[in-house]
1. Residue check, residue 108 against (1) more than 12 Å from residue 17 (Cα to Cα); (2) surrounded by fewer than 20 Cβ atoms within 10 Å (Cβ to Cβ), all met but one. Which one?
2. Report, by residue number, each residue of segment 228-247 that is within 23 Å of residue 318 (Cβ to Cβ) and either in contact with a Leu (Cβ under 8 Å, 6 or more places away or on another chain) or open to solvent by less than 10 Å² (accessible area, probe 1.4 Å) (or both).
3. From the list 311, 317, 305, which one is surrounded by fewer than 22 Cβ atoms within 10 Å (Cβ to Cβ), closer than 17 Å to residue 255 by Cα and touching a residue at least 12 places away in the same chain (Cβ under 8 Å)?
4. Looking only at residues that are among the acidic types (Asp, Glu) and assigned to a loop (DSSP other than H, G, I, E, B) in segment 1-25, which one is modelled with the lowest pLDDT?
5. Within segment 321-339, which residues are in contact (Cβ under 8 Å) with a residue 40 or more places away in the chain, closer than 24 Å to residue 250 by Cβ and either touching a Pro at 6+ places or on another chain (Cβ under 7 Å) or surrounded by fewer than 21 Cβ atoms within 10 Å (Cβ to Cβ) (or both)?
6. Here are the criteria: (1) touching a residue at least 24 places away in the same chain (Cβ under 8 Å); (2) of a type outside the set (S, T, N, Q); (3) out of contact with any Gly (no Cβ under 6 Å at 6 or more places or on another chain). Tell me which single one residue 55 does not satisfy.
7. In segment 176-187, how many are over 9 Å from residue 99 (Cα atoms) and either open to solvent by less than 60 Å² (accessible area, probe 1.4 Å) or in contact with a Cys (Cβ under 7 Å, 6 or more places away or on another chain) (or both)?
Amino acid sequence: MSLDTLPADGVEFIGMVQPREQSEIHPARGPSVDPGYLVASAQAHDEGGFDRILIGWHSDGPDGLQLAAHAGAHTRKVGFLVAHRPGFIAPTNAARAYATLDQLTGGRAAIHVISGGDDADQARDGDWLSKDERYARTDEYVSILKSVWGARAPVDHEGDYYRIKGASPAVRTVQQPRIPVYFGGASEAALRVAGRHADVYALWGETHAQVREIVSRVRAEAAKHGRQDQVRFSLSFRPILAETEEAAWAKAEGILARIREVRGQAALGPANAGPQNAGSQRLLAAAALGDRPEGRLYTAIARETGARGNTTALVGTPEQVAEAFLEYYDLGVTTFLIRGFDPLEDAVEYGRSLLPATRRLVAERLARRVGVAAE
């Protein structure tokens, strides 16, 4: 897939794999890396028709690039979107590492740039910059990544955070001109960097009004760099599916009850009163509108966990949730990052029912648009 195009069916699906079974309803147990679970999860996404799988970054977690390389050796088609926080290794080192992953997986690597939205978490790895400083460093960092990936001669750089002389571009990416850059962050500083660098701008599951607003802002920032038509948009949800609508909402309430039961043990731990990152603040703003602010959007879990991660859900039958995806598609969202509260089992179910239903609806929408344009 090139930097600015979608699969032929017009929509991209990204799942998420963990190095062991864990979620808000499954407290992590055992070693931090379970190779068997990692491979089983990656293969479920591969066989289920996902385009990519996200591997997250955590200050207490295993290295994502190594997880991706291991999963890549046991899968055939699925791509790897590996989260990366700029600043902890040199950008030239990161450029080589991601190019190496792209080589080992036959062109299946992508980077998800996250500058970090929690000062305490950044400090665990020795980063003491302010949020705005982190984004300024990210801007410079991603510029260097792109320069090295696209260069045919040694790269020099003089900036506020990095000074580089003769960086080697010898480790090439399979994808040309480079691997895709996904970008997260909803603050003003983040949007400025996204407008300059993002191939895909990623946000968490929000209301229609919130999505319209931030898509417009990102496009305005991208226009400053002549890139208004070069940024795609990704939206993240936790789909909760069942055979009937009534059963799906009962399942959602059951998940909420389980989260309350295991608070402090599961992946996100206890809720906090005031998240620093703008993405979490936006989810809490949506939750303030009610547990079901519109359509199939369910925000109670985001409220319960302090929105410390992607925790808004779409609830219904596979066909109903696919229709909800289509509404966001009409707002300009072409990528959906989805994961379940039962991560492995839900990935299998999404591949069996939700992905085909959504792709069918999107294909029908595209066919109608072509027909209207031809009239």
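1. Tallying (1) more than 12 Å from residue 17 (Cα to Cα); (2) surrounded by fewer than 20 Cβ atoms within 10 Å (Cβ to Cβ), residue 108 fails exactly one: (2).
2. First, the residues of segment 228-247 that are within 23 Å of residue 318 (Cβ to Cβ): 233-247.
Correct list: 233, 234, 235, 236, 237, 238, 239, 240, 241.
3. Working: 311 fails: surrounded by fewer than 22 Cβ atoms within 10 Å (Cβ to Cβ); 305 fails: surrounded by fewer than 22 Cβ atoms within 10 Å (Cβ to Cβ).
Residue meeting the stated conditions: 317.
4. Filtering first and then ranking leaves 4.
5. Of everything in segment 321-339, those that are in contact (Cβ under 8 Å) with a residue 40 or more places away in the chain, closer than 24 Å to residue 250 by Cβ and either touching a Pro at 6+ places or on another chain (Cβ under 7 Å) or surrounded by fewer than 21 Cβ atoms within 10 Å (Cβ to Cβ) (or both) turn out to be 321, 327, 338.
6. Among (1) touching a residue at least 24 places away in the same chain (Cβ under 8 Å); (2) of a type outside the set (S, T, N, Q); (3) out of contact with any Gly (no Cβ under 6 Å at 6 or more places or on another chain), residue 55 violates only (3).
7. The qualifying residues number 8.
Yes/no matrix, rows are residues, columns are (1) within 14 Å of residue 235 (Cα to Cα); (2) surrounded by 14 or more Cβ atoms within 10 Å (Cβ to Cβ); (3) of a type in the set (Phe, Trp, Tyr):
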site: 146; (1), (2), (3): no, yes, no
site: 165; (1), (2), (3): no, no, no
site: 168; (1), (2), (3): no, no, no
site: 194; (1), (2), (3): no, yes, no
site: 204; (1), (2), (3): yes, yes, yes
site: 209; (1), (2), (3): yes, no, no
site: 216; (1), (2), (3): no, no, no
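The values are calculated or read from the model by the stated rules, or taken from the named source; none is laboratory data. In this text, all values refer to a predicted model and were calculated from it rather than measured experimentally. Here Cβ is always computed from backbone atoms with ideal geometry, including for glycine, and neighbour counts include all displayed protein chains. Protein only, heavy atoms only, side chains kept; ligands, DNA and RNA dropped before computing areas. Shrake-Rupley method; radii C 1.70, N 1.55, O 1.52, S 1.80 Å.
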